[in-house]
Amino acid sequence: MIKAILFDFDGVIRQWDESDLWTFESDANVERGTVFEVAFSKELHQPLTRGELKWDEWRKQTEQRLVATHGNLIRPIVKRFFEFEGRIDDDMVTLIEQLPSELLLGILTNNHDKFEDYLARVGLEKHFDKVVNTHRVGVAKPDPESYLTALNYLGVQPSECLFIDDVLTNVEGAESIGLKSHLFENQTGLISFLKKFDIKLISDRK
């Protein structure tokens, strides 16, 4: 019996329109994807999501590396990049609100030390019973320990929980410990996945 659903955040609930990021760079005649490539490099982003690097230091090191290769003209672009917060998918929030009330809902996100403040600021924390930020627990997806930690916080077994993520390696990591998982692409696919476990949205119940 399914008792809980564990959601990834970025790419599922919050979306990042890459065209917005690209405009920051094109305005300064910088090759598209330059800032993203440095900020989300393994050397910087993985320590961030494991709690080994704070957000402020992540931003600082990203800027230092980019200035070293592109000069001071890139500083305003880096500033705009780190001020950009993506957008909450309101349709996904509505879907989450329509899930049966008896289900426990959680977030498992590879994120940073400012994430919880952001979640509270946009008013989303109230929708979830547990929020597991890998920055706080020291181990990130797809490490099996990250999923086990989230399950422990929710108080459920792998067989009792569904996992939703938009990254294949994270889905595979979840499946390796017995979580029934879905590679998120759109809401239609997610709803079909939920129906396999007889989970229907409140609005669809008759």
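Summary table
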read-out	value
Which listed residue is among the aliphatic types (A, V, I, L, M) and touching a residue at least 60 places away in the same chain (Cβ under 8 Å), from 167, 171	167
Subset of the stretch 56-90 that is at pLDDT 95 or above and of a type in the set (D, E, K, R) - its residue that is nearest to the chain's Cα centre (by Cα)	89
Residue that is surrounded by fewer than 14 Cβ atoms within 10 Å (Cβ to Cβ) and either within 26 Å of residue 136 (Cβ to Cβ) or not hydrophobic (A, V, I, L, M, F, W, C) (or both), where the choices are 86, 71	71
Search result, residues across the stretch 25-48 that are surrounded by 14 or more Cβ atoms within 10 Å (Cβ to Cβ), among the charged types (D, E, K, R) and over 12 Å from residue 78 (Cα atoms)	32
Scan of the stretch 40-84 for residues that are touching a residue at least 60 places away in the same chain (Cβ under 8 Å), in a helix (DSSP H, G or I) and in contact with a Leu (Cβ under 8 Å, 6 or more places away or on another chain), ordered by number	81
Residues that are over 15 Å from residue 105 (Cβ atoms), over 21 Å from the mean Cα position of the chain (by Cα) and in a loop (DSSP other than H, G, I, E, B), drawn from the stretch 179-206	196, 198, 200, 205, 206
Only listed residue being out of contact with any strand residue (DSSP E or B) (no Cβ under 6 Å at 6 or more places or on another chain), modelled with pLDDT of 95 or more and surrounded by 13 or more Cβ atoms within 10 Å (Cβ to Cβ), chosen from 6, 53	53
Every pair of residues 6+ apart whose Cβ atoms lie under 9 Å, when the first sits in the stretch 85-108 and is without any contact (Cβ under 8 Å) to a residue 40 or more places away in the chain while the second is of a type in the set (Asp, Glu) and surrounded by 15 or more Cβ atoms within 10 Å (Cβ to Cβ)	none
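The values are calculated or read from the model by the stated rules, or taken from the named source; none is laboratory data. Owing to the predicted nature of the structure, the values given are computational and were not obtained by experimental measurement. In this analysis, Cβ positions are derived from the backbone assuming ideal geometry, glycine residues included, and neighbour counts consider all displayed protein chains.
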